[in-house]
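Q: Provided herewith is a single structure, encoded as structure tokens, for subsequent inquiry.
The values are calculated or read from the model by the stated rules, or taken from the named source; none is laboratory data. Keep in mind it's a predicted model, so treat the numbers as computed, not measured. Heads up, the Cβs are rebuilt from the backbone with ideal geometry, glycines too, and the neighbour counts pull from every protein chain shown. All accessible areas refer to the heavy atoms of the entire protein, side chains included, with ligands and DNA or RNA removed. Shrake-Rupley method; radii C 1.70, N 1.55, O 1.52, S 1.80 Å.
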Amino acid sequence: MATYKETFAKLDRAALIPFFVIGDPDYATSLEIVKTAIDAGADVLELGIAFSDPIADGVTIQKADIRALKAGMTVKQALQFIKEVTDYKPVPIGLLIYYNLVYQYGHDKFFADFKAAGGSSVLVADLSIDDADEIAGPAANAGLETVFMVTPNTADDRAKLIAEKTTGFIYTVSLLGITGARETLSKKVGPLVAKLKSMTDVPVCVGFGISTPEHAKEVAAAGADGVIIGSKVVKMIEDNLGDTEKIKSEVHSFISSVRAVL
Amino acid sequence: MENKGRYGEFGGFYVPEVLIPALEQIEHAFYKFKDDPQFVAELDNLYKNYAGRPTPLYFARRFSEHVGFNVYVKREDLLHGGAHKVNNTLGQALLAKYMGKTKIIAETGAGQHGLATAMTGALFGLETKIFMGVVDIERQSVNVHKMKLCGAEVISVQGGTGTLKDAINDALRYWTSHVDDTVYIFGSVCGPHPYPTIVKHFQTPIGVEARAQSLEILGKLPDVITACVGGGSNSIGLFSAFVDDKDVRIVGVEPGGRGLATREHAATLVAGKVGVFHGAKSYLLQDEEGQVYETESISAGLDYPAVGPEHCMLKDSGRVEYVAVGDEDVLDAFELFTKTEGIIPALESTHALAYLVSQKGKLPAETNVIINLSGRGDKDVGIVEKNRPVE
């Protein structure tokens, strides 16, 4: 698997990174949806493992977590899912996970198993840079890159520390708050991306609230190396439960339309 | 952060990056003002004249005769609002005022912390939102109404089982997008640093007073002290003054719900395993993969799958014993205490009374026990009636 730096360098445009909760609404349907996203032009995938109490996520992702858990999703099955995805096509996969799941699985074993499944990077939603050392060693030993978040209210010296410790890409939040599709994006995105790019040469990706091709274009024009789209596509699953073909066609057409403007 | 907020290996601040600046702000303000003479004087005045501190240490003669040893009751139930929660909300709301914030939010289970926050929101003229699980809203409707009377908005939380943990999830979510003008007033000694430290600080008067009252009334320290443990704020408030008194035995009582053999309990320290949840490392009720259990207790205020990090440390060091008592024993103790003393105890605090009942015949007659009666039970009368109809 190529590093993010190599993957992003090969693209002459911003990377398109959709986010899905693994196993939403169930294992088989979820796998079809993710494959559809790859076929429609996703460059990188951000996949989440469902957690009972996802405090960093908005209501759309929270509901997806509940659907996946109700369908019987487990961490072990999620790793199998990732293997099936990377067997289908070797796209880089960034994982979003809550810390307690890593903690209970065992740090070293978790990162080793995720790497073996074909994963590229890990973002622990409730682990800040202050405690990055709890995962940095095991992740590096397994050959995984780390992803950390920077938000518009992150102080400069802190952003610098995050930029130094991040080995994969920086996940920049385009607005304060939690995940969720929104009408307009914050004007703070451009300056924030520029600031981060002056601090590091790892890719800088933007997420939270990106829900139209225009948003994606705006973010790419602001200099982002990647555009992460989560709640918008997850909502397509929620709105069409039981109609897998409709979900796939909506996801396909949305991702193609975003890809077309990047 | 100026401090890592660790109690041994427990505690810390395991939160999304977006919350860090908000926690830093609160931590900074806490260290800046906690010993500030004006802040201390203002809080002391509120404790005395608004909340009703100091609370008495009362010898429960008839209950003592029943259990066969001496039971002294720390009367936090007499505080304004009917529970120890006001100690903390006065402190944190005053801190919010000193920080120049205009809005406060809080989570609540039994409604006691929500009510205490709503009262102080009214007192300081702060816009107040209370997040409460939909199930708790139903079982604590009187407190919901009181909160609204104080001018607070009560936000019904539908997620999960509609109890305390879901209320905290939503309050944290709301806070992440309103950190500029809003302070989150956390109700117990759990959650991310600096909350375990802040809430403990504002609850320490319980133990400080009880220790001095024991020396005054008994001429010596008690042999045993006990309190219920949900998140663990009233118990830390009592225990902290006695932790260094090696001869004082300390017992924390957790909710055993329908029995530890079932999953329908919330006895985190007795039956949990270490994990990371709601911003802190602590014992946690969870499945093998780390998904957090939905807990069960007859007392909404103890219905929580995690527990304060300092309690975890006190358990591991062996300084404090933690036990669990089940719902039925709690109801028995509720009836007994009310009949012998004419005091209706909160079901939360009644867990500690039930533990004392279980010690009948086991503790020598000359034993002096202090139990923290953290709240009054008016709010629970409906629940008790449903379970134990009065003839």
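Q: Given (1) among the β-branched types (Val, Ile, Thr); (2) within 29 Å of B:Ile20 (Cβ to Cβ); (3) over 16 Å from the mean Cα position of the chain (by Cα), identify the lone condition not met by B:Val208.
A: Only one criterion is unmet by B:Val208, namely (2).
Q: I've got another one for you. Mind listing whichever residues of region B:269-308 are at pLDDT 95 or above, away from chain A (no Cβ under 14 Å) and open to solvent by less than 10 Å² (accessible area, probe 1.4 Å)?
A: B:Leu269, B:Val307, B:Gly308
Q: Report, by residue number, each residue of region B:188-216 that is small (Gly, Ala, Ser) and either crowded, with 22+ Cβ neighbours inside 10 Å or assigned by TED's automatic domain parsing to the domain that holds B:Ala110 (or both).
A: Of everything in region B:188-216, those that are small (Gly, Ala, Ser) and either crowded, with 22+ Cβ neighbours inside 10 Å or assigned by TED's automatic domain parsing to the domain that holds B:Ala110 (or both) turn out to be B:Ser188, B:Gly191, B:Gly207, B:Ala210, B:Ser214.
Q: I've got another one for you. Which pairs do you get when a residue that is under 18 Å from A:Thr60 (Cβ atoms), found in region A:232-252, comes within reach of a residue that is outside any helix (DSSP H, G or I) and open to solvent by 80 Å² or more (accessible area, probe 1.4 Å), reach meaning Cβ atoms under 9 angstrom, with the pair 6+ apart or on two chains?
A: Cβ pairs passing all conditions: A:Ile247/A:Leu241.
Q: Between a residue in region B:202-219 that is touching a residue at least 12 places away in the same chain (Cβ under 8 Å) and any residue that is open to solvent by less than 10 Å² (accessible area, probe 1.4 Å) and small (Gly, Ala, Ser), which pairs come within a Cβ distance under 7 Å, given they are 6 or more apart or on different chains?
A: Qualifying pairs under 7 Å: B:Phe202/B:Gly91; B:Gln203/B:Ser233; B:Gln203/B:Gly237; B:Thr204/B:Gly237; B:Ile206/B:Gly237; B:Gly207/B:Gly237.
Q: If A:Asp113 satisfies every condition in (1) open to solvent by less than 30 Å² (accessible area, probe 1.4 Å); (2) modelled with pLDDT of 95 or more but one, which is the exception?
A: Evaluating A:Asp113 over (1) open to solvent by less than 30 Å² (accessible area, probe 1.4 Å); (2) modelled with pLDDT of 95 or more leaves (1) as the failure.
Q: Please find, among B:Gly151, B:Gly121, B:Gly219, B:Gly111, the residue that is outside the structural domain of B:Ile298 (by TED's automatic domain parsing), of a type outside the set (D, E, K, R), farther than 30 Å from A:Ala64 by Cβ and surrounded by fewer than 20 Cβ atoms within 10 Å (Cβ to Cβ).
A: None of the others qualify; the one that does is B:Gly151.
Q: Which condition breaks for B:Val325 when tested against (1) assigned to a loop (DSSP other than H, G, I, E, B); (2) in contact with a strand residue (DSSP E or B) (Cβ under 9 Å, 6 or more places away or on another chain)?
A: (1)
Q: Select from region A:45-59 the residues that are within 15 Å of A:Val233 (Cα to Cα) and buried (at least 22 other Cβ atoms within 10 Å of the Cβ) and list them in ascending order.
A: The answer is A:Leu45, A:Glu46, A:Leu47, A:Gly48, A:Asp57, A:Gly58.
Q: Condition test on A:Asp130, is it open to solvent by 10 Å² or more (accessible area, probe 1.4 Å), without any contact (Cβ under 8 Å) to a residue 60 or more places away in the chain and away from chain B (no Cβ under 11 Å)?
A: It is false that A:Asp130 is open to solvent by 10 Å² or more (accessible area, probe 1.4 Å), without any contact (Cβ under 8 Å) to a residue 60 or more places away in the chain and away from chain B (no Cβ under 11 Å).
Q: Can you pull out the residues in region A:129-176 that are assigned to a helix (DSSP H, G or I) and acidic (Asp, Glu)?
A: A:Asp130, A:Asp131, A:Asp133, A:Glu134, A:Asp156, A:Asp157, A:Glu164 - these are the residues of region A:129-176 that are assigned to a helix (DSSP H, G or I) and acidic (Asp, Glu).
Q: Within region B:161-169, is even one residue of a type in the set (D, E, K, R) and without any contact (Cβ under 8 Å) to a residue 60 or more places away in the chain?
A: Taking every residue of region B:161-169 in turn, at least one turns out to be of a type in the set (D, E, K, R) and without any contact (Cβ under 8 Å) to a residue 60 or more places away in the chain.
Q: Can you pull out the strands (runs of 3 or more DSSP E) entirely within region B:238-290 that have at least 1 residues that are under 22 Å from B:His201 (Cα atoms) and among the aliphatic types (A, V, I, L, M)?
A: Because the criterion is at least 1 residues that are under 22 Å from B:His201 (Cα atoms) and among the aliphatic types (A, V, I, L, M), the strands (runs of 3 or more DSSP E) in region B:238-290 that meet it are B:249-257, B:280-284.
Q: Of all residues in region B:339-391, which are closer than 22 Å to B:Phe239 by Cα, in a helix (DSSP H, G or I) and under 20 Å from the mean Cα position of the chain (by Cα)?
A: Result: B:Leu347, B:Glu348, B:Ser349, B:Thr350, B:His351, B:Ala352, B:Leu353, B:Ala354, B:Tyr355, B:Leu356.
Q: If A:Leu79 meets every condition in (1) surrounded by 18 or more Cβ atoms within 10 Å (Cβ to Cβ); (2) closer than 29 Å to B:Gly191 by Cβ apart from one, which number is that one?
A: Just one mismatch for A:Leu79, condition (2).
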